[in-house]
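Only the coordinates and a few stated rules stand behind these numbers; no lab work does. It should be emphasised that the depicted structure is a prediction, and the values quoted were computed from it without experimental measurement. Cβ coordinates were reconstructed from backbone atoms using ideal geometry, including for glycine residues, and neighbour counts include every protein chain displayed.
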Amino acid sequence: MERRSGDLVDLALGGEFDVIVHGCNCFHTMGAGIAKLIRARFPEACAADKATSYGSADKLGTTSSALVERGNVRFHVENAYTQHHWKGPGIRADYPAIKACFEAVARDHYGARIGYPMIGAGLARGDWSIIAPLIDAALAGQRHTLVLLRPDPIPH
């Protein structure tokens, strides 16, 4: 896993990635964190999310995909269903779903340059020390980059 600081959306728009992945719940909200930014900047990603079943836990571990084209830059946004909902206390990140989502990204976008934030470790309150190895294993042999928005020390 390569690590860098920056803005995932701006990096994608700058041609740095072929695919960006972000975590979603199963209720079409995209109302907080990076999902909110992606919804605002890439309505295609929101439309792909809304084309899925509302609230269905069957979406966990799957993705919906949107092709984004801005000028001569093209990339896919993968809405990764990594948590069922966002309400209440406790961990909302679903570790097996995170693993399955990244396995799907690896299969569907083999050889692509893949960027993602700390999926599941922010608002979903998951443990990055558990999540990072799942992503590394799922994307083994792929070019993939963890992008942190702030230039804080990068977790290992």
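One table, with the values for the structure above:
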| read-out | value |
| --- | --- |
| Zero-based 5 Å bins, Cα pair distances in segment 80-148, whole percents | 3, 18, 30, 25, 15, 7, 2, 1 |
| Low-density loop cleavage sites - GluC sites (Glu not before Pro) in segment 1-91, where at most 15 other Cβ are within 10 Å (DSSP) | none |
| Cleavage-rule hits (chymotrypsin sites (Phe, Trp or Tyr not before Pro)) in segment 3-70: DSSP loop, at most 13 neighbouring Cβ within 10 angstrom | Y54 |
| Of all DSSP beta bridges in the chain, antiparallel share, percent nearest 5 | 35 percent |
| Segment 1-91: relative contact order as a whole-number percent, Cα under 8 Å and 6+ apart | 35 percent |
| Cα pair distances of the chain binned at 10 Å [whole percent] | 12, 45, 37, 5, 0 |
| Only Lys, Arg (+1) and Asp, Glu (-1) charged, at Cβ; the chain dipole about Cα centre in debye | 280 debye |
| For segment 22-48 and segment 102-131, distance of Cα centres in Å | 15 Å |
| Estimated inter-spin distance, L37 and S129, nm [label 7 Å along Cα→Cβ] | 2.7 nm |
